[in-house]
Amino acid sequence: MAKDFLESLKQGVVLGDGGTEEEARIRGYGTPRVILEFPEVLQLVHQDYFRAGSQVFRALTKGATRAQLKQRGGWDSRMEEVNRAAVKVARQAAGDKGLVAGCVGPTGLFKADDKGSISRAQGEWEEQVAVLVSAGADLLVCESFDRLDEARLALTCCKKTSLPTVATVDFPLGVEEIRDLRWRQSVDRVDPAGIPTSEARTRDEASPAECARTLVDDGADVVGSSGAREPQDMWPVVREMREGVEVPIAFFPGGYRTSRPGWETIREAMLIYGIEMALYALQAKVHGIHCIGGCDGAGPELVRSMAQALGCERVHIELRPR
Amino acid sequence: MKDNILEMLKQGVVLGDGGMIIEARWRGYDTPDVIVEHPEVLRQIHKDFFRAGSQALQALTWWTSRTQLDRRHRWGDRLGEITRAAIRLAREASGGEALVGGCLNQTASGSWTGPYIFSPDNAGSRDRACAEWDEHIAAMVEADVDILIPETFGRLDEARLCLSRCKKTDIPTMVLMGGMNRMSDGASPAECARTLVGEGADIVGLVCGHDPVGVWPAVLEMRQAVDVPIACQPAGHRRSGPNTGVLREAMIVSGKEMAEFALKAKAEGIHYIGACCGAGPEHIRAMAQALGCERYPVT
């Protein structure tokens, strides 16, 4: 694939990977420990996605700011090492045939009405992004933000570099919505002007279209949504974003059946069918949503289904029904 | 710790592993292809189970008999090489620390996994099934397995026949019937256990078929019927309810439930505890934590 991420998106669909951190957890390895102590395991996870057909690999750096690492078991003094190693391992799996994304996620510090917390969060991200850039990431991805204001701040830090940046926003479902969505399924709602709308809102009450427009104005090269929703529930969100802006849209639904209560526990939820991921990947392509992948719960098998549908499977393996 | 399985079972519980074929498939690899084409992936799966706490690893030989290999890729002539490779990979994964079992599959006509050889009323088919197993067992003996595991049998008569071939070696043999309340030739779990033990099985038990809830009555019946160690390896997929036959589409059994099952089994004197299809390293880790034999704790 072309080295230029944005150029590839202009030409057609780019297939990302699935939920690498969750996949490592399913195999019995916690993050960030897996990065430093079991790099060969992490490399195999990336490689499994590579063989399935992924073209972009998200390095396992989402929770690797200094503050987050401290919280996750006192790894903060090794912040630089963790980020460098995560990018390196992803690069080893991708070789020169794939792109490596440095991931930036919430720091746990951000409070909208506290200036001190905002500048601390900003400091955390700037420090991490500098390491990701010097480690050789090809692009940056802001992930797992359920607030627009926080996502904007992270994006600002990313845009101080010259790397293309994908800014995604989550729209987690409340219990009421889960109940409601069971009946609505994936039917697109349309407003009087004929534009698809969703009821999704971030925690600071921004709609998907509003998120998309704001993030593009702030300089995001790609906007979209990642995780927190299964394909059918994320579909209206990305459709709304698609209508709202001109830039490429990222569609990274979760591999867990998030419309069922209790899905949060790993591997215990009703999982998404491979065929379902494949159909949504095709549907996204038809609607001009070009950056496609999976998130937590989407293992190599689900990404393979998408790759088979999109015609970009790298090493063909026939998954026979049994 | 590598020791005779029977000695280990006398001392207490032995933790097995989860479902290799499904775990490989989950990661995007097919069986038996993964043995030949991506050995590093297979070794890593074994290693993940070992690190979680497995004390006995089952090599991926369940699908490497001559007929099965031929059906897939006309690889029948490579039976010896592929079977030995599968066993070597399991051995390497633990650095020789865990026991390695070699699995043998049923061959009965009408079973979904079998290569359609064994048919109860056909003497010729019995000979063909024996030839199939003999060749497979010979490769396992050559690779020096610690346990022979004829497994997932749906018929007692076929399991008996396979056991008789395993008993020609001096390797401890663990016969695992498919997790059903009654076999398709009418035998109850207790009857299976008594007959197989009478014919020399060192360990008997149940595998796959049921989830931990469904397997319970049958395994208790076996426990009460005989004095040898009992093995129980339920599926990690929920087997009761709709859509449960299809991979990854079933409600998956939680690690917590697996851990509770492991403790319950231990309390009932069921000493070989493991899991099957749908149970990954995470499940085995949960069981290992409950049983106090987790090997490398991972935060």
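None of the figures in this text is laboratory data; all of them are computed from the coordinates on show. It should be emphasised that the depicted structure is a prediction, and the values quoted were computed from it without experimental measurement. Glycine also receives a Cβ, built like all others from the backbone with ideal geometry; neighbour counts cover every protein chain displayed.
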Discussion item. Residue by residue through B:43-49, how many Cβ atoms from other chains fall within 10 Å of the Cβ on average?
Written reply: 4
Worksheet item: Counting other C-beta atoms within 10 Å, which of B:116, A:256 has the fewest, and how do the rest follow?
Response: B:116, A:256
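For a quick protection proxy, order the peptides A:28-40, A:238-250 by their average other-Cβ count within 10 Å, most packed first. Can you show the working numbers first?
Details: A:28-40: 20.2, A:238-250: 23.2.
Those peptides, ordered most packed to least, come out A:238-250, A:28-40.
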Worksheet item: Relative contact order for chain B using alpha-carbon pairs under 8 Å, separation at least 6, rounded to a whole percent?
Response: 20 percent
Fill in: Theoretical ellipticity at 222 nm over chain B - DSSP helices of four or more residues, -39500 (n - 2.57) apiece, nearest 500
-14000 deg cm²/dmol
Fill in: Spread of Cα-to-Cα distances over 5 Å intervals beginning at zero, given as percent, for the range B:166-232
3, 20, 32, 23, 15, 6, 1, 0
Worksheet item: Points 7 angstrom from Cα along the Cβ direction at residue B:190 and residue A:213: gap in nanometres?
Response: 7.5 nm
Fill in: Where only alpha carbons of chain A are counted, the Rg and the Dmax (Å)
18.2, 57
Worksheet item: On average, how many beta carbons from a partner chain sit within 10 Å of the beta carbon of a residue in A:300-309?
Response: 2
Item to complete: Would you work out the relative contact order for chain A, in percent, from Cα pairs under 8 angstrom that are 6 or more residues apart?
Response: 20 percent
Practice prompt. Would you list, by chain and number, the lysines whose Cα falls below 17 Å from the Cα of residue B:266, excluding same-chain residues fewer than 8 positions away?
Written response: B:10, B:256
Response to the item:
For chain A, whose charge dipole is built from +1 on Lys and Arg Cβ atoms and -1 on Asp and Glu Cβ atoms, the candidate among A:145, A:119, A:26 with its Cα farthest towards the positive end is A:26
Worksheet item: In terms of Cα to Cα distance under 19 Å, which lysines are near enough to residue A:70, apart from those fewer than 8 places away along the same chain?
Response: A:62, A:111
Worksheet item: In terms of the ratio Rg/(2.2 N^0.38 Å) built on C-alpha atoms, what value belongs to chain B?
Response: 0.90
Discussion item. Given the options A:82, B:210, A:60, identify the residue whose Cα lies farthest towards the positive end of the charge dipole of the protein assembly as shown (+1 on Cβ of Lys, Arg; -1 on Cβ of Asp, Glu).
Written reply: B:210
Discussion item. Using only DSSP helix segments of four residues or longer, with each worth -39500 (n - 2.57), what per-residue ellipticity at 222 nm results for chain A after dividing by its residue count and rounding to 500?
Written reply: -13500 deg cm²/dmol
Practice prompt. Using the number of other C-beta atoms within 10 angstrom as an exposure proxy, rank B:166, A:211 with the fewest first.
Written response: B:166, A:211
Item to complete: Under 21 Å Cα to Cα from residue A:97, which lysines show up? Leave out anything in the same chain fewer than 8 places away.
Response: A:3, A:10, A:88
Discussion item. In whole Hz and in residue order, list the ³J(HN,Hα) couplings for the range A:199-208 that follow from phi through the Karplus curve 6.51 cos²θ - 1.76 cosθ + 1.60, θ = phi - 60°; x for Gly and Pro.
Written reply: 8, 5, 9, 6, 5, 9, 6, 9, 7, x
Worksheet item: How big is the charge dipole of the protein assembly as shown about its Cα centre, in debye rounded to the nearest 20, if each Lys and Arg gets +1 on its Cβ and each Asp and Glu gets -1 on its Cβ?
Response: 360 debye
Discussion item. Skipping prolines and chain starts, which residues have an amide H placed within reach, meaning under 5 Å, of the one on residue A:72, given they are 5 or more residues away or on another chain?
Written reply: none
Worksheet entry | the range B:5-291 - charge dipole about Cα centre, Lys and Arg +1 at Cβ, Asp and Glu -1, debye rounded to 20 | 400 debye
Discussion item. Under 5 Å between amide hydrogens, which residues at least 5 positions from residue B:14 or on another chain qualify, with H placed 1.01 Å from N in the peptide plane?
Written reply: B:272, B:273
Worksheet item: Percent antiparallel among DSSP beta bridges with both residues in the protein assembly as shown, to the nearest 5?
Response: 10 percent
Discussion item. I need to check one value: relative contact order of the range A:1-150, counting alpha carbon pairs closer than 8 Å and at least 6 residues apart, in percent.
Written reply: 24 percent
Fill in: From the C-alpha gyration tensor of the range A:32-159, square roots of 5λ in Å
26, 16, 11
Worksheet entry | Whole-number Å³ per residue for the convex hull built on Cα positions in the protein assembly as shown | 151 Å³
